[in-house]
1. Just need a number here: residues in the stretch B:347-379 that are away from chain A (no Cβ under 14 Å) and open to solvent by 50 Å² or more (accessible area, probe 1.4 Å).
2. If I filter the stretch C:143-158 for residues that are at pLDDT 90 or above, assigned to a helix (DSSP H, G or I) and over 17 Å from the mean Cα position of the chain (by Cα), do I get at least one hit?
3. Would you be able to tell me the number of residues in the stretch C:105-115 that are open to solvent by less than 20 Å² (accessible area, probe 1.4 Å) and either hydrophobic (A, V, I, L, M, F, W, C) or modelled with pLDDT of 95 or more (or both)?
4. Is at least one residue of the stretch B:95-112 under 27 Å from C:Phe352 (Cα atoms) and modelled with pLDDT under 85?
5. Please work out which residue is nearest to C:Ile163 (Cα to Cα), limiting yourself to the stretch C:346-393 and to residues that are more than 9 Å from chain B (Cβ to nearest Cβ) and in contact with an Asp or Glu (Cβ under 8 Å, 6 or more places away or on another chain).
6. Any residue that is β-branched (Val, Ile, Thr), more than 8 Å from every other protein chain (Cβ to nearest Cβ), out of contact with any helix residue (DSSP H, G or I) (no Cβ under 6 Å at 6 or more places or on another chain) and under 24 Å from C:Gly364 (Cβ atoms) - is there at least one of those in the stretch B:59-71?
7. Filter the stretch B:289-325 down to the residues that are surrounded by fewer than 16 Cβ atoms within 10 Å (Cβ to Cβ), hydroxyl-bearing (Ser, Thr, Tyr) and more than 14 Å from chain C (Cβ to nearest Cβ) and list them by number.
8. Can you name the residue in the stretch B:488-502 that is away from chain C (no Cβ under 12 Å) and open to solvent by 30 Å² or more (accessible area, probe 1.4 Å) and is also farthest from C:Phe317 (Cα to Cα) among such residues?
Amino acid sequence: MCMSLDERKSNKIKKKRNRFIFRTVILAVMLVAIIYALVSNMDKDNTIYRVGDQAPDFQLEQINHNNEIETIRLSDYEGKGVMLNFWGTWCPPCEAEMPYMQELYPKYKEKGIEIIAVDLNDTRLNVKQFIDKYELTFPVPFDNKGVVSDLYKIGPMPTTYFISPDGEIVEKVEGGLTLEKLEGYFQEILPE
Amino acid sequence: MKNIKCDCGHVNPEGTVLCESCGKPIEGNQHIDGNDNKRLLNMRYDGTARRSQTYNKSIVDKIWSFFSSVKVGVWLIVIALVASAVGTIFPQEQYIPIDAVSRDPAVYYQDAYGILGQIYYQLGFHNLFSSWWFLILIALIGVSLVICSLDRFVPLYKALKKQKPQRHHSFLSRQRLFSETEEVTEEEKQKVINSLKAQRYKINEENGHVLAEKGRFSRWGPYVNHIGLIIILLAALLRSTPLFYTNEYLWVREGEQKVIPGTKSEYFIENKGFILDLYDENDDRFKAALEKQGTMVPSNFQTNAIVYKQSEDVVTGAEAQLEKVTEDEIRMNHPLEFEGYKIYQSGYQLNEVNQMTFTIQEIENEDGEPLAEFTIDVTDPKAEYELDNGFKVEINEFFPDFYLDSTGPKTETQFPRNPTFIFKLYPPNSDESETSFVGDVISAAEALGINTEAVELNPMGEVLGQFATNLDATGENEYKISIQDMDFHRVSGLSIRKDHSLPFFGVGALIFMIGVVQGMYWQHRRVWIRPTEKGLMLAAHTNKNWFGIKKEIENSIENTNIKMVDDQQELDE
Amino acid sequence: MGNLISFSSTMLYTAFILYLIATFFFGFTIRDKHTSTSKGSKGVAAKIGISLTIAGFIAQLTYFITRWIASGHAPVSNLFEFMTFFGMTIVLAFIFIYFIYKLTVLGLFALPVALIIIAYASMFPTEVSPLVPSLQSHWLYIHVTTVSLGQGILAISFVTGVIYLIKHIDQSQLNWRNFSLEAVLYSLVLFIGFVVITTTFNTMDYSASFEYKNGSKTYTTEYNLPALAGPNEGILLTEGVMEPWFETPAWMHGADAGKKFNTLVWSFITGTIIYGLVLLILRKRIGAAIQPLLKNVKLDLLDEITYRAVAIGFPVFTLGGLIFAAIWAQEAWGRFWGWDPKEVWALITWFFYAAFLHLRLSRGWHGEKSAWLAVGGFAIIMFNLIAVNLILAGLHSYA
């Protein structure tokens, strides 16, 4: 009780400053929490692998009879640009982009780009007939257990990943591609 | 900031309504709790200063005092309440019925509810509960919870801690329960104290002034339950990270083995068989209800499942040794549990075709013995089938889920729900083929008025021969291919959840319940006795259940001269 | 098995009759001109009233247990069973509160509310129905009984709130407040209207079938009341019955909307006629007619019971309606909260009573304001019990 007036005053100022800091910190923490909640709510797609990530490796049986490879393993293509396409014979936009892919394939294969078109949930028969219809020559891995589609969390089809020679996802496209767009993306993953 | 010195000598901080020491109303501050025009004192926080109401300077302080107001809190609750009600006017997007004209929200709301539905959709109310503004609303309630609690906890703590038995006479006389007795003997007073003690009051005596108190801990109830609510909100925040919560869905056919999504290809599940049991129509107990309802009622959905784990670390998709982890029956209300995951029976599909058997006959001799028969595994058809009698069948096109639109035959999905084939049939010793279109059982059945969605309860195979489509494209065919038999397999829909946030929700809910019971089922009761010249003043306060405290006072003054307290409540005016 | 069920039904009927008689005895207690201490003839009447109530409760408990044994599951699985049980928890809560406060007038109002609810419940299909897989869980009765008990206790706050309002609000001339109070009483009469009209046509065995389209499908529906409102674009199949006067508007889209709307129209008409008759007999508003009977009742005691009932009921409701509900939903569907309409309305109820408590504790909303809030809370509970099941689609729509 025997504080001087000055002491009291400085005490009060200190108290006031502490209160200000306390309130600012609490409010800031809550603001950050709210922003975090909003952002994670907006971000509805639960993709685990995003642009900039390393594309996860996988291995699947290859079923295109026009291509001699038997087993596809993504990591074998290090040093090459990879277009990783997910498709099905029953999906009209997938069907629409296939001729473009085939058109560009021979040219870009020489330049060091590989097209890998993973087929999901189909019958081998339909895949074969589809390949014959469009005379596809690039490898078509067959994912009948849904393993790779779960790995890449494929939602709508087609979905295409463009992967750089050092294995990084450069672009992810949901929906069909045109010839021009396709070439544009190929430029991005061309090995030097 | 100035302090206020009370007559009793105690120095109170600014904003104090009732002196912290003696309880005397502090002049000039009575408007804060609305005491100025009331006979009774408002005992909120025992009249101590609440910080938020005293300083209003920087932005931070302004925001702080905004959220510290209970009025704001109640408004937020009311807004959340109204918003929630709006969200139930029409079904939310995830509850659009499966048999709706379209499950596309852009179509559904207008189609089902007209212009109101369209407005509802365009305002985004079909996803109201996950909208950013609803989330912010709930978050603001959280902010209000935190700040209100912080702001009120300290003053209340102080007020209850430094309670003195000696109180100003006006503090006593303006309590709701009050009486003054002119003449009271010391013996009588002691009797009252003893009786209060016997009723488990804690007695605090000082210079003849008495404070009897019990149930103080119930005052902390609101803070405890608010902590519980804050924990629940934090748990909801945690849950929005994939680390704590994943939610996946999987369709798996009988006999099929599939990767369990969301497990990074570590776990696989095999569907050993799907079971759908129905209630027996002749069951005495339910006969009447079943008859009235007119439909079958399922009694059990069940998947017999085995979960495997990849025993070695191989690249995704490569063949690997699988090790059995667990085998269980997945039923409604009985999920399968393994290593942090739970698998729930969430759906089923009974009308997927597994195998189809066809026969070949001469068109001119339709009733005769079939010339050849072949079976196609619809999930993996072959390109051609060599048959007895020299027939050969090629599959020209296969549509697992057939439909026809203006551009021709199509398949809607990859699932064999309406398998349809275009065959090329080579008769014995012939290079010439004829084309047959066979299948589309669904529209044939619908044309006959059969509800194909109820197929599961009345296997379609029974009525096949009668109506299966067989189109002869050229009209020149000699042979007819018809469906002899269809074999359906059952597809089980499973949801896979991992939810590590549950314990947090559990703890939050538990703390909330403890707090709410603590605050609601116990009461903080106080009785003050202030000696006067020859007699005494008796006053009492409780935060609820006045009926109960009156009874206790009645008990304690039994056989004494002390007057029963008057209830000065103003409701009857 | 059949015997057990018919015995069970008899016990429910017995309970109903006992509650009804008990109501009259409680009514007798307020006619007494003396003070409220329980002495003399009034004390005897109160004792008989509460004894009959307890006997009725035991009878209803017997109904509940025997029906449970007969059906193999807790009888809380359809609208009839659930509403009946709700009536029972109101009685239980009343008995409980009665023994704390010994307020006889409570019986005069609480029992009729329970009676109306039980009668209302009996208008829905009463057959023992099989349990679909999603309901096959112990949580069914843990969740439903707790929630119902919470709502029963909260219903007592509605009862005391209404008594408070009837006693407190000035009836000398029509104003907004006594008009609103009268609207509350009128809506109780509408339930009676529903019961009367349904029973009337049930005993006549009335039936008319309609065929109508909803979306792409064609349904048939059987009306048990003459069709004032036919289904939207419906065709009457039965011959020799009344043609509908008008069609149910197209925007009413719930399952069997036409039939429900027709029932609603009938209930309104019948309820309004009954209300009109009552007005004609009393020659004043119902509220005004009851008011003088309440002169011995203390307002602050009513206010306290209102608050007490909320204070006791709120935690029970939270436990049953939100926490147990969430645990069960987690067990059955793997998600403890899904924004299903019933869930949302449970949350709305919870929000409402939370606001009630905050307004009372922090902003001093006592007396009349508190009473109005108690009435509002009960309206939300009833909306959740009836409207959400019958109108809003969802996982819980079992009627």
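1. Counting residues in the stretch B:347-379 that are away from chain A (no Cβ under 14 Å) and open to solvent by 50 Å² or more (accessible area, probe 1.4 Å) gives 12.
2. yes
3. Residues that pass the stated criteria total 7.
4. yes
5. Restricting to residues being more than 9 Å from chain B (Cβ to nearest Cβ) and in contact with an Asp or Glu (Cβ under 8 Å, 6 or more places away or on another chain), the top hit is C:Ala371.
6. Within the stretch B:59-71, none of the residues are β-branched (Val, Ile, Thr), more than 8 Å from every other protein chain (Cβ to nearest Cβ), out of contact with any helix residue (DSSP H, G or I) (no Cβ under 6 Å at 6 or more places or on another chain) and under 24 Å from C:Gly364 (Cβ atoms).
7. Within the stretch B:289-325, just B:Ser311 meets the criteria.
8. Only one residue tops the list, namely B:Phe488.
The values are calculated or read from the model by the stated rules, or taken from the named source; none is laboratory data. Since we're looking at a predicted model, the values are computed, not measured. Don't worry about glycine lacking a Cβ; one is built from the backbone with ideal geometry, like all the others, and counts go over all protein chains shown. Each accessible area value is taken on the protein alone, full model and side chains, heavy atoms only, with ligands, DNA and RNA left out. Shrake-Rupley method; radii C 1.70, N 1.55, O 1.52, S 1.80 Å.
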